[in-house]
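Enquirer: One structure follows; several queries about it will come next.
The values are calculated or read from the model by the stated rules, or taken from the named source; none is laboratory data. The structure displayed is predicted, hence computed values, not measured ones. Every residue, glycine as well, gets a Cβ built from its backbone with ideal geometry; the counts of neighbours run over all protein chains shown.
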Amino acid sequence: MKSLAVIALGSTALCSATQAVSQPAEDHPCVQEVCIGDGLDKLRTIDWQTVAYTSERVNRIRKEDRARRAKVFPGFGADGVPSYLVVRKFDRDLIGSMASISAACAPNGLEGTFISEGGHKTVVTVSLLPTKIPEKMVWRVTSISRIYSGMERPSERGELNQALNAKYGRFVNRQPGESGVLIAPLGKETVLSLHWVDVERDRQFGSHPRCEKPKKITL
């Protein structure tokens, strides 16, 4: 599955909006604060918005969905899976707890939100991913979405889109398993989305020793 491509319009660079976007890294694209592929240590340096994990919030999720999400993370006792894994949200206070979770049996993702120095809402997804060693899984950033808003003039929006396209253009038409970029102008907003989709990697979910193995069919 190929990564998402860049779609952009514009004319000249728009300094005020693009200073908050760093030059992309060699293998994965970045914003100033975080890159696709970063681990939990990098996330500790960001001022995440606090998430309230109330029982009411958990109960708003359908019972079937709660059970399915909880089943992704094996190895918990009678107290059950922590609520933030069911709600699929994290903040700074939970990063330490996330580090103690070492197994996931299916594709997963937790979202955290922060406001960049330039005032742009940024949503980051971090996932517990399989590696070549079945018993070793790692937390990595797999998605970053940033919203650029407040640009009233079409010329401003066009300049921003061109500047983003110039920075991220080399992430177009990437090979399967590599990260890519989508730049989507939506009226007075522009959404920058960085994604890391790897079908081959995702096929390794379920190989951790704590994951239930499919039962063999007997005739």
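Enquirer: Please determine whether any residue of segment 23-41 is buried (at least 20 other Cβ atoms within 10 Å of the Cβ) and modelled with pLDDT under 80.
Expert: Within segment 23-41, one or more residues are buried (at least 20 other Cβ atoms within 10 Å of the Cβ) and modelled with pLDDT under 80.
Enquirer: When you go through GLU152, GLU178, GLU200, GLU212 one by one, which is the residue that is surrounded by fewer than 16 Cβ atoms within 10 Å (Cβ to Cβ), acidic (Asp, Glu) and under 20 Å from the mean Cα position of the chain (by Cα)?
Expert: GLU200
Enquirer: Would you mind telling me which numbered condition in (1) of a type outside the set (Phe, Trp, Tyr); (2) farther than 26 Å from VAL123 by Cβ; (3) modelled with pLDDT of 90 or more LYS215 fails?
Expert: It is condition (3) that LYS215 fails.
Enquirer: Restricting to helices (runs of 4 or more DSSP H) lying wholly in segment 51-164: which have 1 or more residues that are hydroxyl-bearing (Ser, Thr, Tyr)?
Expert: 55-59, 83-87, 95-99
Enquirer: Select from segment 176-189 the residues that are outside any strand (DSSP E or B) and either at pLDDT 90 or above or within 14 Å of PRO29 (Cα to Cα) (or both) and list them in ascending order.
Expert: Those that are outside any strand (DSSP E or B) and either at pLDDT 90 or above or within 14 Å of PRO29 (Cα to Cα) (or both): GLY177, GLU178.
Enquirer: Do we find a residue being surrounded by 16 or more Cβ atoms within 10 Å (Cβ to Cβ) and among the acidic types (Asp, Glu) anywhere in segment 67-86?
Expert: no
Enquirer: In segment 32-68, what count of residues is obtained for those that are closer than 25 Å to LYS167 by Cα and among the β-branched types (Val, Ile, Thr)?
Expert: 4
Enquirer: While we're looking at this one, here's another question. Based on this model, can you work out whether ALA163 counts as surrounded by 14 or more Cβ atoms within 10 Å (Cβ to Cβ), out of contact with any Leu (no Cβ under 6 Å at 6 or more places or on another chain) and not basic (Lys, Arg)?
Expert: No: the conditions fail for ALA163.
Enquirer: Is one or more of the residues making up segment 107-127 in contact (Cβ under 8 Å) with a residue 24 or more places away in the chain, under 15 Å from ARG210 (Cα atoms) and among the aliphatic types (A, V, I, L, M)?
Expert: Scanning segment 107-127, I find no residue that is in contact (Cβ under 8 Å) with a residue 24 or more places away in the chain, under 15 Å from ARG210 (Cα atoms) and among the aliphatic types (A, V, I, L, M), so the answer is no.
Enquirer: Since SER97 meets every condition but one in (1) within 23 Å of ARG66 (Cβ to Cβ); (2) touching a Phe, Trp or Tyr at 6+ places or on another chain (Cβ under 9 Å); (3) crowded, with 16+ Cβ neighbours inside 10 Å, which condition does it not meet?
Expert: Unmet condition: (3).
Enquirer: Something else about it: Looking only at segment 193-211, decide whether some residue is of a type in the set (A, V, I, L, M, F, W, C) and more than 30 Å from LYS71 (Cβ to Cβ).
Expert: Within segment 193-211, none of the residues are of a type in the set (A, V, I, L, M, F, W, C) and more than 30 Å from LYS71 (Cβ to Cβ).
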